Amino acid sequence: MNGSFTIPKFRLPGFIAEIGQKLPQWPHALALVAGLNAALKMKLLPESELALLEDKLFRVRILDTGGEASYTYRNGLFRPIFSPQREPDLAFAANLSAYLQLLTRQEDPDTLFFNRELEITGDTELGLIVKNMLDAVEWPSFAEKLPLFRH
């Protein structure tokens with residue numbers, strides 16, 4: 001992005017996570033998978049790396065909202081997993097502000113990880129593959145395709 005908007009580090013009040021954990025989690029998985037599949041359609045993700053994600057189970061937790069989404073990549077699409085039957089191959093956990101900072105490239109995953117604002121657990125090699133995929137995304141072209149980022 002153009003850097004005109006900075007996302008501050010914040011943590012939502014604890015009651016939000018308490019409520020969020022009691023709500024159905026399937027909408028989070030559907031929204032995340034829809035975004036990932038849109039990125040696929042826009043050819044933002046490096047196709048050469050996608051095969052390495054095949055049948056891997058991923059989990060994303062937003063700690064201060066109580067939200068959680070599990071998904072996999074299979075047969076060319078990201079797919080929600082509503083009731084995972086095993087531990088994820090790779091899991092991410094952070095507050096909403098950290099994810100927003102990642103999305104806008106205000107912060108990189110390494111900085112958030114080493115500042116203990118992003119927890120990454122599971123297969124280290126898979127984590128590096130995903131990190132490198134995110135680093136390879138051309139965010140300026142992504143921003144131009146979204147009305148929110150147009151000027």
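Of all residues in the range 39-67, those satisfying the criterion of being under 30 Å from E18 (Cβ atoms) and assigned to a loop (DSSP other than H, G, I, E, B) are L63, D64, T65, G66. Listed by first and then second residue, the pairs linking a residue in the range 105-127 that is touching a residue at least 24 places away in the same chain (Cβ under 8 Å) to a residue that is hydroxyl-bearing (S, T, Y), with Cβ atoms under 8 Å apart and 6 or more places separating them unless they lie on different chains, are Q106/T6. When the range 20-38 is filtered for residues that are in contact with a strand residue (DSSP E or B) (Cβ under 9 Å, 6 or more places away or on another chain), surrounded by fewer than 17 Cβ atoms within 10 Å (Cβ to Cβ), among the aliphatic types (A, V, I, L, M) and in a helix (DSSP H, G or I), the ones remaining, listed by number, are L30, A31, A34.
Taking the criterion of being modelled with pLDDT of 95 or more and surrounded by 18 or more Cβ atoms within 10 Å (Cβ to Cβ), the residues of the range 39-60 that qualify are L53, K56, L57, F58, R59, V60.
The values are calculated or read from the model by the stated rules, or taken from the named source; none is laboratory data. Every value quoted in this text rests on a predicted model; they were computed, and no experiment measured them. All Cβ positions, glycine included, derive from the backbone under ideal geometry; neighbour counts span all protein chains shown.
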